[in-house]
Every structure is written in C-alpha cells, then in structure tokens.
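S.K.: Can you read through this structure? Questions will come right after.
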Ligand SMILES: NC(=O)c1ccc[n+]([C@@H]2O[C@H](COP(=O)([O-])OP(=O)(O)OC[C@H]3O[C@@H](n4cnc5c(N)ncnc54)[C@H](OP(=O)(O)O)[C@@H]3O)[C@@H](O)[C@H]2O)c1
C-alpha cells in the first residue's frame, strides 16, 4: 500500500480523502489543515463520517516528519516553498494548483527539490489538468493533420461551494471595472497558459505561436439570488476567459471557461445553449472530432453545494495519478512523461 497524506480539507481535499479510502493501492496516513479549529480532529470527523484513526494537524513539521509516499496538495493558495519542502522530505506531490507543464525556468527550483528528495511533482485536475490539454491531446491521436484543438467549460458558478473564492478572488458580485482590473485573468493564466503550451509542443505547432488572452463580463439586469448573496443589477454575474494560440492569423489552440450565475437576467444575455452545462473538447484535423462531457456538473445548484462532481473529478485525477507518479523517475512529471492514468474498479460490484 502507498501511504498518502492529504494537504488541506476544502472541497478538493475532502473528495481526495474519500478517493484514497476507496483506492485499493492507497492508505491515508496523515492530513494537514489550515484551520486551527480542525487541528487535532480525527479526519473522519472533518468529513462527517466514522473515525479513521488519522488526526489532522496544522503543523507543517508534523507532516514533514511523517513517513509517506505521496501528498495530495490542495490548499486554496499554493506556496512553492512549502511544496519544495514536501518534496525534499521525500514525498511525491500531486496537486491541482499548478505545475501542469511548467517551463524549465519556472520549474527549476522544484525540479531540484524533486531530485534532492528522489521524488516527483505532478500537476493535474480537470481544468486545467484535464479538459484543457490532456483530453484534446488524447483525442488528437485519432486524427492526422491537426489544425486546431479546443477545451472549454460551460458551468453555473453558483454550484462552486467556495464563496470567498467566488466573491473575492473571482470577483462575481463586483463592478465590471473591479472585475476587469482584478488579478483574476493573470491568476488563471498561470495554469491555462501551461495547457496551451502543452498542446502546442506535443502537437508540434510552430514555436512562434503567440498566446493571447481575453476576459469578458456580463452583468445582472435584475437581482440574482446566489450563494454569495444577491447580485444587484449592474454587478458581475457572468465571466468568460479565453486563451488562444495564434500562428499568423490562424487560431490553433483555444481554451475557454464560461462561468455564469444561472442563465437569467444577464446582459449580454449569455446562456449555456441547448446542451446546458458541459465540458467540450474539439479537434480539427482528419477526421474532425467533437466531444461533449456531461456528469462533471451537478444536477442542481443545491446538489453542487453539497458535493460538486467537478470538484470530485479534480480530486480523483490527483488520487488516481499517485501509483504512476510514485513509480516515475524523480522530477517534475507531466502527462507527457507519465503512462496512462486510470481509475480502479469498485471493490463490490454486487452493490
Ligand atoms: N486544476 C483544477 O481543475 C482545479 C479544480 C478545482 C480546484 N482547483 C484548485 O484546488 C485548490 C483547492 O480548491 P477547493 O475547491 O478545495 O478550495 P476550498 O474548498 O476553498 O478549500 C481550500 C482549503 O485550503 C485551506 N486554506 C484556507 N485558507 C488558506 C490559506 N490562507 N493558506 C493555505 N490554505 C488555506 C483550507 O483547508 P482546511 O479546511 O483543511 O483548513 C481550505 O478548506 C484551489 O487552489 C483551487 O484553485 C483546481
């Protein structure tokens, strides 16, 4: 069994713990928490289930000293120094917060930490870390002469149960000017530009592609009820972010997210379209390929606030990568380096 530590118990962290408990090759041995009130609690209590015999700690030194094979690192704000210390302590790190496809200069310090600890760092998730680079590349394998790939999300942001993030980091409920001047595009670009670069490099598009970014907002035209409070008319209730790689006049990679507070009372009158919430992957080549993924969005806003399948999928992409990351040679290991990552069968098919 591979010993796993969970770092932070937000939406992703709690789903990752469940994923570790369900995985036949993994066992939970430790847990770091940011919140002082969770320190010392049994992890089962934090999840609202039976005791697991593993106590959470808010002390980093406890985690560094704990023998383990891997850490699922899922705090709200990534700290590269912290990740470096975890790697140097000899623990593989899998994470949805970054390092999907860092440049050699961006990744240099953590590459050195990997080599020192004899372990690997793998950035993964759903978006980035799935739909925006892994899945277009997987489907490109069934086409030749590829001219364009796309990964795009269409989600109701009211189902993302991280109200402080939605209000204060993503700027929903802010004025359009505040949202456009916020660091959000820059923060998101840190991950999504890595996705664009992975597509460009792996598909072999010319190295002089230019990457351009775009942010658009929609405002409420009437009060919109939401988990972050009522969005008053004139305030931000929808946002679209887009990253495109362009060669000459031709767009060769497009990654986009469409996050709306529902589909009513928006100006411009954005909707999800006939297919509703979804993720899309597209490859233009010979042949073209269009993939729509359903199931990663909850059926209702209320269900999403209890357990959001997109957050669960993010956590499981981390958890399921652990056996492959542990087996990999030390270093920053992206999808380009790792073998096929798969989930595991349910242990009891009679249920
Ligand atoms: N790549 C992807 O596809 C993808 C998808 C979803 C999320 N993410 C990323 O994954 C991370 C976790 O997301 P989430 O939805 O789980 O967020 P979340 O529910 O807001 O939870 C994050 C946890 O971080 C800890 N925390 C709070 N304040 C902190 C601080 N100042 N410094 C360090 N840790 C702090 C808390 O842990 P405790 O409760 O244990 O104290 C909190 O529960 C975020 O960075 C998010 O952007 C990536």
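The values are calculated or read from the model by the stated rules, or taken from the named source; none is laboratory data. Fair warning: this is a prediction, and the values are worked out from it, not measured in the lab. Neighbour counts are summed over all protein chains in view; Cβ atoms, including those assigned to glycine, are modelled from backbone coordinates with ideal geometry.
S.K.: Residue 39 - would you say it is under 22 Å from residue 84 (Cβ atoms), within 14 Å of the ligand (Cβ to nearest atom), in the same structural domain as residue 85 (by TED's automatic domain parsing) and surrounded by fewer than 17 Cβ atoms within 10 Å (Cβ to Cβ)?
M.R.: No; evaluated as a whole, the condition is false for this residue.
S.K.: Okay, moving on. From 204, 191, grab the single residue that is exposed (fewer than 15 other Cβ atoms within 10 Å of the Cβ) and either closer than 26 Å to residue 106 by Cβ or free of Cβ contacts under 8 Å to residues at least 40 places away in the same chain (or both).
M.R.: 204
S.K.: All but one of (1) under 30 Å from residue 291 (Cβ atoms); (2) away from the ligand (no atom under 16 Å from the Cβ) hold for residue 114, so report the exception by its number.
M.R.: (1)
S.K.: Would you confirm, using the coordinates I've provided, whether residue 132 is under 30 Å from residue 281 (Cβ atoms) and within 14 Å of the ligand (Cβ to nearest atom)?
M.R.: Yes; evaluated as a whole, the condition is true for this residue.
S.K.: Here are some residues: 182, 155, 144. Which one is touching a strand residue (DSSP E or B) at 6+ places or on another chain (Cβ under 7 Å) and closer than 26 Å to residue 96 by Cβ?
M.R.: After applying the criteria, what remains is 155.
S.K.: Let me ask you something else. Any idea which of 192, 154 is within 16 Å of the ligand (Cβ to nearest atom), farther than 17 Å from residue 253 by Cβ and modelled with pLDDT of 95 or more?
M.R.: Answer to the check: 154.
S.K.: Continuing with the same structure: From 323, 339, 298, which residue is in a loop (DSSP other than H, G, I, E, B), touching a residue at least 12 places away in the same chain (Cβ under 8 Å) and more than 16 Å from the ligand (Cβ to nearest atom)?
M.R.: Exactly one of 323, 339, 298 is in a loop (DSSP other than H, G, I, E, B), touching a residue at least 12 places away in the same chain (Cβ under 8 Å) and more than 16 Å from the ligand (Cβ to nearest atom), namely 339.
S.K.: Working only within segment 56-70, note down all residues that are more than 13 Å from the ligand (Cβ to nearest atom) and crowded, with 19+ Cβ neighbours inside 10 Å.
M.R.: Scanning segment 56-70 gives 68, 69, 70.
A quick yes/no check of all residues on (1) farther than 24 Å from residue 187 by Cβ; (2) over 22 Å from the mean Cα position of the chain (by Cα); (3) surrounded by 19 or more Cβ atoms within 10 Å (Cβ to Cβ):
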| position | (1), (2), (3) |
| --- | --- |
| 232 | yes, yes, no |
| 235 | no, yes, yes |
| 241 | no, no, yes |
| 257 | no, no, yes |
| 260 | no, no, yes |
| 267 | yes, yes, no |
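S.K.: Could you check segment 24-36 and list, in sequence order, the residues that are within 12 Å of the ligand (Cβ to nearest atom) and closer than 29 Å to residue 347 by Cα?
M.R.: Listed by number, the residues that qualify are 31, 32.
S.K.: Name the single residue that is farthest from the chain's Cα centre (by Cα) among those in segment 43-55 being away from the ligand (no atom under 12 Å from the Cβ) and under 23 Å from residue 322 (Cα atoms).
M.R.: The extreme case among them is 53.
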